[in-house]
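Below is one structure, written out as structure tokens, with a few remarks after it.
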Amino acid sequence: MKLCCIRNNRSKYMRKIKSFLRQGIVLGLAAIVFCFSASAQKAEPQLKKAIDITVVSDTEIETQDFSLMADKTAGSIILKDKRTGACWYSNPTDGDLQTNMKGINKMQMESQLIVNYLINGKTSKQATSFASSTEKEGIMLSVDSNGIKITYNFISEKFEIPVLYSLDEYGLVASVLSNEIVESGENEITEISLLPYFGASGVNDKGYFLVPDGSGSLINFNNGKTGSSYQQKIYDTDGLMNSDTNIVKVEIAKLPVFGIEKNGCTLLSVIQTGASSCKLMSYVSGTNGNYNYIYPQFTYRQSAAYKMLSKTWYPIEINFVSPLSVKENFTVRYSPVVKKYGGYSDMADCYRNMLDIKDAMGNKSIDNVPLYLDLYGSAKVSDNILGFPVMVNRSLTSFDDAENLLYQLLNNGVDSMKVRYLGTSSMGITNIKVPTSFEPTSAMGGIKGFNKLVEFADKNNIEIYPDNDFIFFRKPTFSLIKQMDATKDVCNKIGSFYQYETSNGKVKYNSVNRYALQPAKVECAADKYLKSYAKLNNKYISMSTLGSFIYSDFGNEICLSNSTAEKFTGILQNYNENNFNIMLEAPNAYALPYADSVIAAPTSSSCFDLEDETVPFYQMIMHGSVSYSVPSVNLSDSDVEVLKAIETGSGLMYSLSNADYSVLCYDDYDKLYSVTANNWIDEISENYLKVKQALSSVTDKLMVFHENVSSGVSRTVYENGVEIFVNYNDFSVDLSGTKLEAKSYLIKQGESK
């Protein structure tokens with residue numbers, strides 16, 4: 001009898017779908033594409049306000065461009081784009097036909113929520129809204145001018161999760177209402193996955209997912225990589241949970257977005273709130289069934305397993321659970337995109353429009369292609385005094401050295417430079433303690449030498465950005481006590497950041513760990529530093545880590561990652577309001593509006609097994625609004641990075657030291673193996689002029705289109721019609737009758753778009 005009721009309900013649901021489709025003619029192929037809006041935290045650009053919503057019935061709402069219908073029994077939803085007639089479904093409409101999908105895969109396919117939870121803080125379990133709510137008649141629905149609110153009552157698990165489905169000018173806005181979640185009994189929710197099959201594509205669909213890994217990456221539908229999945233935390237907020245090895249270099253997901261390009265149609269998805277608690281998940285057909293799908297999983301309550309007595313015969317694994325759950329809503333915007341350029345280019349255009357990016361970034365003037373330099377000022381190195389090993393502060397690039405180096409580059413035709421100056425204090429480039437005042441070391445020339453360098457720079461279109469790390473420190477000092485000031489993870493352990501061997505990825509023996517300062521104390525340090533630095537005649541400052549690293553602190557006063565992001569963006573805003581130009585290293589979305597210069601923007605993805613292509617989505621958002629560089633050319637493959645700069649509209653960056661690397665090679669400075677300045681001056685000048693020539697006509701223009709034309713060949717198009725082709729191959733290629741030489745580029749002038 002119960003089975004019969006379920007079938008009848010499903011038949012009613014299918015009739016509603018067919019009726020809904022008949023309300024408009026589909027103009028073209030119905031496609032599902034996802035659009036996301038930046039994490040709307042305190043620091044992030046504000047999105048436009050919602051528009052009026054009309055209640056059509058007890059299960060349907062609409063705006064001028066969209067309508068949304070819900071099913072009272074199944075808890076599912078349908079988003080209709082009135083502009084095209086296309087519909088997007090929370091669950092596949094042909095699910096009943098997938099006879100090979102059984103068990104947990106079947107239940108997940110029919111669900112709008114997947115919930116992970118702990119029983120008595122020990123046993124991990126998973127529940128789906130289909131099995132625990134739909135099948136047990138636990139769905140409660142209400143409609144008003146705010147949207148359609150569905151409460152999923154997980155009967156056996158004894159918790160309720162309300163979700164508000166609403167509309168705005170961009171499409172669907174789905175919000176897990178965290179403050180209204182009800183838990184009773186012994187179960188504690190840890191993760192909530194929202195709309196796991198929204199826009200899922202089948203084995204006959206063509207297209208890809210966009211994921212924000214590094215610069216951006218594509219996962220092709222049905223790519224056959226069924227042994228892999230994509231799982232990546234937005235902003236990498238698990239930074240305190242370190243492993244004993246670090247063999248693979250992983251890029252960070254810096255934008256809270258993902259998207260779907262399906263059968264020629266596009267949907268952008270933006271994590272509007274809760275990005276710092278989010279992990280993106282994606283699978284291709286053949287892994288868990290016949291669908292390609294992508295979705296966000298939010299951490300509601302952080303937990304971790306910790307092994308005790310691990311070196312004995314009887315190790316014990318204990319689960320630690322945060323006593324504090326996330327209180328901000330988990331909100332995702334799903335935005336159908338009207339075709340303009342196609343694919344991820346349209347997603348970038350939609351995202352820029354959502355953020356009103358030029359206004360958010362202060363409408364900065366970009367009138368040239370600067371050269372970016374990392375200069376290493378001083379370092380703590382090992383020495384021997386009277387037969388005793390000691391650590392001494394050694395000048396690598398004094399202020400006079402810097403002036404001479406910059407003068408050489410000026411004479412070689414480099415007419416615009418932005419300099420990040422690392423290690424200006426006696427603590428060196430390893431940041432032994434967190435700075436609270438600007439005190440350039442006498443070994444480099446002291447405050448007098450710094451002022452002289454700034455005076456020279458001001459006359460020659462050069463910007464000097466002393467670098468400051470307010471987050472990390474290495475050794476406890478008189479004013480900094482590790483046990484009291486360092487951040488702790490959910491297991492109540494001090495968060496240690498290890499140094500790894502370049503050769504095998506293992507933790508370096510006897511190396512000094514780094515620790516992260518508690519977020520509230522980061523605020524104090526930055527405020528004190530501002531009072532000191534404001535006395536100087538230099539309005540440029542670098543705060544590299546502040547825009548690219550956030551974390552939760554489970555010490556005496558718990559500070560979750562979203563609150564940490566608010567604190568750090570508050571610091572950036574304070575410096576911004578004091579008229580400082582801020583340089584940030586590859587900032588996350590919440591920090592982008594405060595960056596006048598971005599250094600080392602990622603030009604690649606992590607190349608996870610499931611991924612198929614790398615794309616410059618990160619650069620497409622920024623170009624024309626803020627100046628940015630590629631990662632350091634001389635610390636990577638220099639030929640590739642120069643071409644990457646041309647492809648992605650970036651400035652070049654080099655890392656230099658006036659002293660020879662031999663001064664550093666016996667200490668923990670492995671990555672600086674190629675920084676001796678004398679070896680690079682001529683090549684820097686030559687490559688700078690090459691990139692300047694290639695990009696001079698597009699510095700302030702939007703990057704409106706990008707594609708990988710073929711293997712190793714890219715095409716970038718700007719709003720003034722300029723097209724730039726880059727060939728990374730070791731052989732020449734033919735471009736419609738035009739020969740593009742190996743390891744080179746080609747510029748085609750065009751008409752404004």
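From the list GLY712, GLY721, pick out the single residue that is touching a Gly at 6+ places or on another chain (Cβ under 8 Å), at positive phi and surrounded by 13 or more Cβ atoms within 10 Å (Cβ to Cβ).
GLY721
Table: residues versus (1) free of Cβ contacts under 8 Å to residues at least 40 places away in the same chain; (2) in the same structural domain as ASP96 (by TED's automatic domain parsing); (3) of a type outside the set (S, T, N, Q).
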residue: ILE252; (1), (2), (3): no, yes, yes
residue: THR266; (1), (2), (3): no, yes, no
residue: CYS278; (1), (2), (3): no, yes, yes
residue: GLY289; (1), (2), (3): no, yes, yes
residue: TYR295; (1), (2), (3): no, yes, yes
residue: PHE298; (1), (2), (3): no, yes, yes
residue: ARG301; (1), (2), (3): no, yes, yes
residue: ALA304; (1), (2), (3): no, yes, yes
residue: PRO315; (1), (2), (3): yes, yes, yes
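Considering only residues that are within 24 Å of the chain's Cα centre (by Cα), more than 20 Å from VAL642 (Cβ to Cβ) and hydroxyl-bearing (Ser, Thr, Tyr), which ones fall in region 703-735?
Across region 703-735, there are no qualifying residues.
Among the residues of region 176-206, which ones are without any contact (Cβ under 8 Å) to a residue 60 or more places away in the chain and at positive phi?
GLY185
Are any residues in region 721-753 polar (S, T, N, Q) and at pLDDT 95 or above, and if so, which ones?
Selection gives ASN727, ASN729, SER732, SER744.
In the set LYS452, LYS448, LYS418, LYS433, which member is farther than 21 Å from LYS539 by Cα and either in the same structural domain as CYS524 (by TED's automatic domain parsing) or touching a Phe, Trp or Tyr at 6+ places or on another chain (Cβ under 9 Å) (or both)?
Unique residue meeting the criteria: LYS433.
For residues that are of a type in the set (Ser, Thr, Tyr) and part of a strand (DSSP E or B), tally how many sit in region 715-734.
Adding up the residues that qualify gives 2.
If you scan region 93-128, which residues turn out to be under 29 Å from the mean Cα position of the chain (by Cα) and crowded, with 20+ Cβ neighbours inside 10 Å?
GLN108, MET109, SER111, GLN112, LEU113, ILE114, VAL115, TYR117, ALA127, THR128
Are there strands (runs of 3 or more DSSP E) fully within region 523-599 with at least 1 residues that are hydrophobic (A, V, I, L, M, F, W, C) and under 25 Å from MET354 (Cα atoms)? List them.
Hits in region 523-599: 581-585, 597-599.
Would you please list the contacts, defined by Cβ atoms under 7 Å and residues six or more apart or on different chains, that run from a residue in region 319-331 that is in the same structural domain as PRO196 (by TED's automatic domain parsing) to a residue that is surrounded by fewer than 17 Cβ atoms within 10 Å (Cβ to Cβ) and not in a loop (DSSP other than H, G, I, E, B)?
Sorted first by the residue in region 319-331, then by its partner, the pairs are ASN319/ALA305; PHE320/TYR306; LYS327/ASN179.
When you scan region 19-84 for strands (runs of 3 or more DSSP E) that lie fully inside it, which ones turn up with 1 or more residues that are at pLDDT 50 or above, of a type in the set (A, V, I, L, M) and surrounded by fewer than 16 Cβ atoms within 10 Å (Cβ to Cβ)?
Once the strands (runs of 3 or more DSSP E) in region 19-84 are filtered for at least 1 residues that are at pLDDT 50 or above, of a type in the set (A, V, I, L, M) and surrounded by fewer than 16 Cβ atoms within 10 Å (Cβ to Cβ), what remains is 54-57.
Could you grab me the full set of residues in region 406-446 that are hydrophobic (A, V, I, L, M, F, W, C), within 17 Å of ILE471 (Cα to Cα) and not in a loop (DSSP other than H, G, I, E, B)?
LEU422, ILE429 - these are the residues of region 406-446 that are hydrophobic (A, V, I, L, M, F, W, C), within 17 Å of ILE471 (Cα to Cα) and not in a loop (DSSP other than H, G, I, E, B).
Restricting to region 97-147, what's the tally of residues that are in a strand (DSSP E or B) and closer than 18 Å to SER76 by Cα?
Counting residues in region 97-147 that are in a strand (DSSP E or B) and closer than 18 Å to SER76 by Cα gives 12.
Residues of region 600-620 being closer than 19 Å to TYR372 by Cβ and in a helix (DSSP H, G or I), which ones?
Listed by number, the residues that qualify are TYR618, GLN619.
Counting only residues that are more than 31 Å from the chain's Cα centre (by Cα) and over 16 Å from ALA74 (Cβ atoms), which one in region 148-170 is surrounded by the fewest Cβ atoms within 10 Å (Cβ to Cβ)?
Looking at residues that are more than 31 Å from the chain's Cα centre (by Cα) and over 16 Å from ALA74 (Cβ atoms), I get SER156.
Applying the selection to region 624-667, what residues are farther than 30 Å from ARG394 by Cα, modelled with pLDDT of 95 or more and part of a loop (DSSP other than H, G, I, E, B)?
GLY649, SER650
If we scan region 659-678, do we find a residue that is under 20 Å from ILE252 (Cβ atoms) and within 27 Å of the chain's Cα centre (by Cα)?
Yes - at least one qualifying residue is present in region 659-678.
Give region 273-321 a look and list any residue that's within 18 Å of THR123 (Cβ to Cβ), at pLDDT 90 or above and of a type in the set (S, T, N, Q), or say none.
GLN302 - this is the single residue of region 273-321 that is within 18 Å of THR123 (Cβ to Cβ), at pLDDT 90 or above and of a type in the set (S, T, N, Q).
Okay, residues lined up against (1) surrounded by fewer than 23 Cβ atoms within 10 Å (Cβ to Cβ); (2) among the β-branched types (Val, Ile, Thr); (3) in contact (Cβ under 8 Å) with a residue 60 or more places away in the chain; (4) under 21 Å from MET444 (Cα atoms):
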site: GLY651; (1), (2), (3), (4): no, no, yes, no
site: SER655; (1), (2), (3), (4): no, no, yes, yes
site: ASP670; (1), (2), (3), (4): yes, no, yes, no
site: VAL675; (1), (2), (3), (4): no, yes, yes, yes
site: ASN679; (1), (2), (3), (4): yes, no, no, no
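Per-residue answers, yes or no, for (1) modelled with pLDDT of 95 or more; (2) crowded, with 19+ Cβ neighbours inside 10 Å; (3) in contact with a helix residue (DSSP H, G or I) (Cβ under 8 Å, 6 or more places away or on another chain):
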site	(1), (2), (3)
ILE192	yes, yes, no
GLY214	yes, yes, yes
GLY239	no, yes, no
ASN246	no, no, no
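Would you point out which residue out of SER650, SER632, SER604 is under 22 Å from the mean Cα position of the chain (by Cα) and more than 24 Å from ARG352 (Cα to Cα)?
SER632
Restricting to region 681-704, and then to whatever is of a type in the set (Ser, Thr, Tyr) and assigned to a loop (DSSP other than H, G, I, E, B), can you tell me which residue is surrounded by the most Cβ atoms within 10 Å (Cβ to Cβ)?
THR699
The values are calculated or read from the model by the stated rules, or taken from the named source; none is laboratory data. Bear in mind that the values here come from a model prediction, so they are computed numbers and not experimental data. Because the Cβ atoms are built from the backbone with ideal geometry, glycine has one as well, and the counts that use them run over all protein chains shown.
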